[in-house]
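One structure is given here, and the rest of the page talks about it.
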Amino acid sequence: MTRVKPPQADDVTSIVIENGSTWTRVGYSGDVTPKHYIPTVYAKDADGKHYYGEEVDVPRPNTDIFSPMHDGCVQDWDAMSSFWKWIYSDKLFIEPNELPLVTVEPSWNSLANKQKALEVAFEDLQVPVFSLVKAPIATAYESARPTSLIIDIGSAVASVTPVIDGSLVPKTVFHSRFAGDFVNLHILTYLQTKNITITPSYLVRKKSVLDPGQPVSTPDLYEYPDIKPSFHAYQTSKVLHAFKETTSQVSNVPFTSASPFARIGRPFEFPDGFNMIFGPERLTTAEPLLKPTQFPLPQVNLPENSVGSAPGNTIMHGLGDLLYLSLSKLDITPEVLITLLNNIIICGGTSLISGLTDRIKEEILHMFPTYAPRFYIPEQESHRKNVVWTGASVLAGLGTFDQTWITKQEYDEFGAELAEKRFK
Amino acid sequence: MNKFTDYFCRAAQLQPSYAPELTIVGTALGGLVPNVSSVLLQINGGPFAGLIPAGINGMVAQYSELQDVINQYILPDKKAKFDDSKSQCLLSDFAEYVDTNFWTWFNNGNEFFYDARTQKVINENTMGVDPTQIPITPLYFYQSDEDEVAPIVATNTLYNQWCSKGVSINFQKSLVSEHISESIEGSAAAYSWLLDRLNGKPVAKGCSTATSLFSNALQNLQVFGSIIAATIELPTVVYKDPENEGKFKSTGVEKDAVRPIVASKIVDLAALNYFIKLIYKSATKPVASYIPPALLLVTPSQWTRGQIESITQYAFETIQVTGFTLIPTCQVVAYAHNTPFSLIIDIGKERTEISPISDFQVVENAVITIPYGGDSITSEITKLLPDLSWEQAEDLKKSPIYEVLSEDDTKNSWFGLNPDASEDNNLEDDGVVDVAAIVASGRTREILAERERAKQNEESGGAKKVEPPNMDREFNSFVDRNGKTIEVGKQRFHGTETLVDKLTFSVGEAIKRIDQIIRRQDIWDNLIITGRGSRIKGLKEAIFVNLQARFLILRPTTYSELPSTVNTGYNTPNANNGGGTPGFNNFNSHLNSAVNNPALHQGHGQAPTSIKLAKMPEYFPEWKGHGWEDVAFLGAEIAAKQYFTGSIDNVYMSRNDYNSFGPAYIWEVI
């Protein structure tokens, strides 16, 4: 077996791509922050032409918006392949065969999916060297905490992963879909029950100036023919995101309508100028992250197996429960448990919802009062969103990372089977 | 012509005998005119012909005997005209006498020139003729090789003559500027040279000649520091050397031309490297005795990593710079405006780049580039006016009659006031006033007053007809590049709409990508619209108005929500006194809301509650009136001053860094 010497971190730069459910982060290894944020969706018009990046926001007739991701994993590889190619040609301005490629996978990624990743990287893109990095490992490296408990709350998936000495035990990894998008769903549902129509920014030519609660009487809107519902929904989600970002809040204790907290309002103005002061629903839309069943969504059936590492697990758990499940499956000494609880990392974009990290801390402190848990929560917003990418960037630059690279020659010789050995 | 220079030169020449007690440490001379006859023969009948009467009349003032010679030879009907130059400035001379062949103004052509009396004066005024008269101070000559007034050959002769007699001369030639621009631009280099003499820096003994590709203006950077506008602009083009495969030259024929940068991207790296070397070498030649200066490159975001590393390598290994760094274009724009948080909207030819700046750093992952720019305006124009060719549409776009009208202006423009006017109906009878439209416009008084004034002007027999402003006219005309005059109607106010709309939406998207929510407002308060595409009259205003219309948070309660350390109870609406926020009291959440005091809320986190354009600082007077489109250069000058003087750590790569770590080290510093 001929083995080409894998690249050394110090002399070769690689491209690092993290395909998140909402945003894809792209940059060069060794950098602290990614160079590009690109929405992980694509538009497809009636002729089957794909649009990526900023082009996705252009209102086109009969054009649908699709996401190639599902449950944190790549689902539509054809789309992902052309998305990666587009990243190279339109964002990086280089050929894929010029530099090694590192991508990030969630820890529950299937073997078939890993093999597919290899196939796309080597056959479609012709990259010279390729590697897959597990998100929690990247996070652990970024934080310089080889033993840590990682709570990552993204847009589509929230997960709890114990990392011990730089590796993870698959059965202890738990994830659920009660994450950022779930909050969006609650906000949307709430607004619908109040008969508030969301007019996304792409339609608004001019905002109206209105008193709170006053409906828009003469909307000044653009008109686009044949807009598909998926495009409208995608644009609407941007408004929901803004609401979540600026108005939603998580109560520091389990929410009750009686808490004084619930009575303090916060105004939100929609793109068309409609505005209102929101009270308790700021909290009730975020509370489901921790108590998914407390605020049932009419007309929405929560999907089965929306939680758990094993299929068929139908219990619906909030973040605190995920944590409990994960730790209870761990087969470790009390010393390791202490180390884990002393290195709790909270990251992911959704963790930025006002009050959420405080609430998680509160719950864990109550669960383990005698262990005096300690937390590592990156303070800067962008840092907390980029933890995984930065970790992958660091990993791609480490010499010890050698064993997990696959070169084009190796792939040509052994094929996608290699995924099983290298990317365990 | 440098009448001044000439006298000064002769002063230097005469100085030892004339004023020996005067200490002259150095003399700088530009656009030398060592031999008057050579000049007269060269410029007659050309664009600089005006120098002839100016020069001769200048001589007459000193040598009255010349007047007799002129009176003897000049044709009677030309005398008055020739004498005009006695009373007007040099620029008027150029205008009046352009392309005049003066030999037709005199009897027997240029015979007067060879008259013994004239020749005597000329000889007295030719430098270096009298072997006893040589300057003893060091000299600095600067002249352009292409000098169309004073041929450089004559200066070369003088240079050789004086050098052979032991005068120290530093002769700075430049290859591509001409007489006038060199005398302006080159003076900075000369000034720098003089400054050194005054500071007592010894000049190298003997003579030296240096030739720079461009004007000596590049020196300006060192002389005037970071405050002046770039005085030269060069096309980014080099030429293939037909004899040496793979080599380049600074001059050549069009078929060998290589343009290394296309649409901000590098298409020919080797050519670009060569071009950078040319600029660097020519800029640093005059100061070759000192340590070579560092190099700062302003780069668009489209340059790839490999290309940048390769340029770094070339800079250290081939150009031999001592320090090197790169800065993104939008970052230097932020430097120039001194705005740590801002948003740069750079409207280019084919694309517009929207780059948020946080803490003087480009937030790279929030940058949005849209494929709309100056060209999309041109293409819209060709759609509106199908008769125009692409080039004509370009010319219209660049002409002063093309502008973007604000909503108010549109109402008050000719078209706003004549809503029924159809395209073919161009009868604008002066007597007919559309009263309804005037009244509706809300500016009745002003409009009527304007009309009154216009009328009075006309009645008072005003030879000057008052031209109505562009927006008040139904038709206006422009001249295309071939000199053809073309009249256009209201289409001249349209074509930018798509660009403005796309741009507005993307600005909102870009700012949403700023993770630090608290900084978004700061960014909204410092918008910078730049780039050549933004030069269109009214375009910046249109973008600004559109942004406000689509994004500004305008609800009446906005300001009472702002957190205040002092609660006066005055600004805050209070439900108890009936001043509650309308609509809110009826509001019930599905939890049967306990909210009963709408005044008690947290304030909001939404931006923008205000949108402003960043103001250019006042302290760059040299840049006033220059136009802010090139402001990136100013920012680069500021950056260079800060970076290479050690005010900020780790922002440039030294030769030492390069030797230890190689080109990839550039990523540690930028």
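The values are calculated or read from the model by the stated rules, or taken from the named source; none is laboratory data. If you're wondering where the values come from, they're calculated on a predicted model, not measured in any experiment. Note that each Cβ is placed from the backbone with ideal geometry, even for glycine, and that neighbours are counted across all protein chains shown. What goes into the accessible areas is simple: the full protein's heavy atoms, side chains included, and nothing from ligands, DNA or RNA. Shrake-Rupley method; radii C 1.70, N 1.55, O 1.52, S 1.80 Å.
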Open item on the list: For a protection proxy built on the mean count of beta-carbon atoms within 10 angstrom, sort A:192-201, B:300-309 highest first, please.
Closed with: B:300-309, A:192-201
Task: Positions from the stretch A:90-135 whose accessible area shrinks by 30 Å² or more when the full protein complex is built, not the chain alone, probe 1.4 Å - done: A:F93
Open item on the list: Of A:S167, A:I65, A:M276, which is farthest towards the positive pole of chain A's charge dipole, taken about the Cα centre with +1 and -1 on the beta-carbons of Lys, Arg and Asp, Glu respectively?
Closed with: A:M276
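Which FRET efficiency value, to the nearest 0.05, is calculated for B:E497 and A:K194 with the Förster distance at 30 angstrom and r the Cβ-Cβ distance?
0.25
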Open item on the list: Taking 0.36 nm per residue of sequence separation and subtracting the Cα-Cα distance, how much length would be gained by fully extending the chain between A:D220 and A:D358, in nm to one decimal?
Closed with: 45.5 nm
- [ ] Leaving ligands, DNA and RNA out of it, work out the accessible area of A:H366 with a 1.4 Å probe and give it in Å² to the nearest 10.
- [x] 140
Task: Placed amide H near B:T530: partners under 5 Å, 5+ positions off or other chain - done: B:I345, B:D346, B:I347
Task: Farthest toward positive dipole pole in chain A [+1 Lys/Arg, -1 Asp/Glu at C-beta], among A:F261, A:Y324, A:Y222 - done: A:F261
Open item on the list: Ordering B:E364, A:E379 by accessible area with a probe of 1.4 Å, largest first, what comes out?
Closed with: A:E379, B:E364
- [ ] At a 1.4 Å probe radius, which order do B:Y114, A:Y37 fall into by accessible area, largest first?
- [x] B:Y114, A:Y37
TODO: Keeping all protein chains in position, work out how much accessible area A:C347 exposes to a 1.4 Å probe, and write it in Å² to the nearest 10.
DONE: 0
TODO: Using a Gaussian network model of chain A whose springs link C-alpha atoms within less than 10 Å, name the residue from A:S167, A:S354, A:S393 with the highest mean-square fluctuation.
DONE: A:S167
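Taking a 1.4 Å probe, which of B:S250, A:S81 shows the most accessible area, and what order do the others take after it?
Putting B:S250, A:S81 in descending order of accessible area: B:S250, A:S81.
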Open item on the list: For the interface of A with B, what's the total buried accessible surface in square angstrom, probe 1.4 angstrom, rounded to the nearest hundred?
Closed with: 4800
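Per-residue mean of other chain beta-carbon atoms within 10 angstrom of the beta-carbon, peptide A:204-213?
Across the residues of A:204-213, the mean count of other-chain Cβ atoms within 10 Å is 6.
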TODO: Using the Karplus curve 6.51 cos²θ - 1.76 cosθ + 1.60 with θ = phi - 60°, work out ³J(HN,Hα) for each residue of the stretch B:391-400 in order, rounded to whole Hz, and write x for Gly and Pro.
DONE: 5, 5, 4, 4, 5, 5, 4, 8, 7, x
Open item on the list: What's the ranking of B:490-496, B:642-648 by average number of surrounding C-beta atoms within 10 Å, highest first?
Closed with: B:490-496, B:642-648
Open item on the list: Skipping prolines and chain starts, which residues have an amide H placed within reach, meaning under 5 Å, of the one on A:V16, given they are 5 or more residues away or on another chain?
Closed with: A:G27, A:Y28, A:S29, A:V102
Open item on the list: Running a GNM on chain A with Cα contacts under 10 Å, which residue among A:G27, A:G166, A:G72 ends up with the highest mean-square fluctuation?
Closed with: A:G166
TODO: Let me know the mean shielding of B:512-520 by other chains, meaning the per-residue number of their Cβ atoms within 10 Å of its Cβ.
DONE: 4
TODO: Count the DSSP beta bridges whose two residues both fall in chain A, then state the antiparallel fraction as a percent rounded to the nearest 5.
DONE: 70
Task: For the stretch A:27-32, 3J(HN,Hα) per residue [Karplus equation, 6.51 cos²θ - 1.76 cosθ + 1.60, θ = phi - 60°, Hz, x = Gly/Pro] - done: x, 10, 4, x, 7, 8
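State the extension gain, in nm to one decimal, for the chain segment bounded by B:D387 and B:Q313, taking 0.36 nm per residue of separation less the distance between their alpha-carbons.
Here the segment from B:D387 to B:Q313 would lengthen by 21.5 nm.
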TODO: Please report, as a whole percent, how much of the solvent-accessible surface of chain A comes from carbon and sulfur atoms (probe radius 1.4 Å).
DONE: 52
- [ ] Give me a single rounded figure for B:540-549: the average over its residues of other chain Cβ atoms within 10 Å of their Cβ.
- [x] 1
TODO: Note down the accessible area of B:W667, probe 1.4 Å, to the nearest 10 Å².
DONE: 50
